Amino acid sequence: MHRFNCLVIGLLFLVGACASANEKVQQNMPGDSSIQKSEVSYEYAVPEYRYTTQQGIRLNALYTAKLNALGLEIQTIEPLVPLPQTFGFYYDNKTKEKNKLYLGFDCDLGTKIAAYDSYPMRAWNVIFKNLNPVLTQTKILHEILRDPDIQGLVISFYWNYEGQEGIILWTEKKDIEQYLQNKIIYPELIARSTTTRTDGKIINLLLFQKAP
């Protein structure tokens, strides 16, 4: 892994480290023609056998049905395509705090995005356009986040631009709550989050805060 992403079961797509997770990446890469919006709900939750901690196993058992239902909710948010077997609970692989878990999942934009001057600018625009709909149009996401053992939200967004690119966004629950209560503005929510490329390099999106 690079900056963050070892799933309690393995990790998020494209930042692979564990052998079992790497196998999953090859099976379900974004852009795979087998991944369609008609995927059945039971394919969204991460399988229990991929978890490596008891906390992850416990949360998976508690929320599998809601994770699958969340995948169906994300399905309705254009242009996002939720990726199967990525809805689960992740920890920060750099800090190794395996009991500090984040609700996480992967989404593909499904199409090639418009050209921007740089990768950070493309990443900023992808996040700016797609994070707010996720936060405001998903009831089940907030039901899961109410669990006191879940620290926040981690989402991987993937898109095509002269090849495949992606960005991984880690957002603390307290910042999401402040945004939804109108205590901070949307660009500040993004700026408070931690973002990394799929190679693990941290991107400071504060430098690229400009509404599309």
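The values are calculated or read from the model by the stated rules, or taken from the named source; none is laboratory data. Keep in mind it's a predicted model, so treat the numbers as computed, not measured. Cβ: placed from backbone, ideal geometry, glycine included. Neighbour counts: every protein chain shown. To get the accessible areas, we keep the full protein, side chains included, count just its heavy atoms, and leave off ligands, DNA and RNA. Shrake-Rupley method; radii C 1.70, N 1.55, O 1.52, S 1.80 Å.
Below are the figures for this structure:
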{"quantity": "Built amide H within the under 5 Å cut-off of GLY200, gap 5+", "calculated": "ARG3"}
{"quantity": "Qualifying GluC sites (Glu not before Pro) in the range 90-190, DSSP loop, other Cβ atoms within 10 Å at most 10", "calculated": "GLU162"}
{"quantity": "Subset of LYS112/LYS183; LYS129/LYS201; LYS96/LYS201; LYS66/LYS112 violating a 28 Å alpha-carbon distance limit", "calculated": "LYS112/LYS183; LYS66/LYS112"}
{"quantity": "Gyration tensor (alpha-carbon) shape descriptor, the range 118-212, a/c threshold 1.5", "calculated": "prolate"}
{"quantity": "Residue-by-residue Karplus 3J(HN,Hα) for the range 124-134, coefficients 6.51, -1.76, 1.60, Hz, glycine and proline x", "calculated": "4, 5, 4, 5, 4, 7, 10, 5, 4, x, 4"}
{"quantity": "The range 72-212: relative contact order in percent, alpha carbon pairs under 8 Å with at least 6 residues between", "calculated": "22 percent"}
{"quantity": "Residues whose placed amide H lies under 5 Å from that of GLY152, excluding near-sequence neighbours", "calculated": "LEU103, LYS173"}
{"quantity": "Computed P(r) (all Cα pairs; the range 52-131; 5 Å bins; percent)", "calculated": "3, 13, 20, 18, 16, 15, 10, 4, 1"}
{"quantity": "Pairs of Cα atoms farther than 15 Å apart, the range 43-86, %", "calculated": "42 percent"}
{"quantity": "Efficiency of FRET between THR76 and ARG192 - r from beta-carbon atoms, R0 30 angstrom, step 0.05", "calculated": "0.65"}
{"quantity": "Under 5 Å, built H, 5+ apart or other chain: amide partners of LEU80", "calculated": "none"}
{"quantity": "Accessible surface of the range 91-206, 1.4 Å probe, proportion on carbon and sulfur as whole %", "calculated": "46 percent"}
{"quantity": "Two-decimal ratio, the range 152-191, of alpha-carbon radius of gyration to 2.2 N^0.38 Å", "calculated": "1.43"}
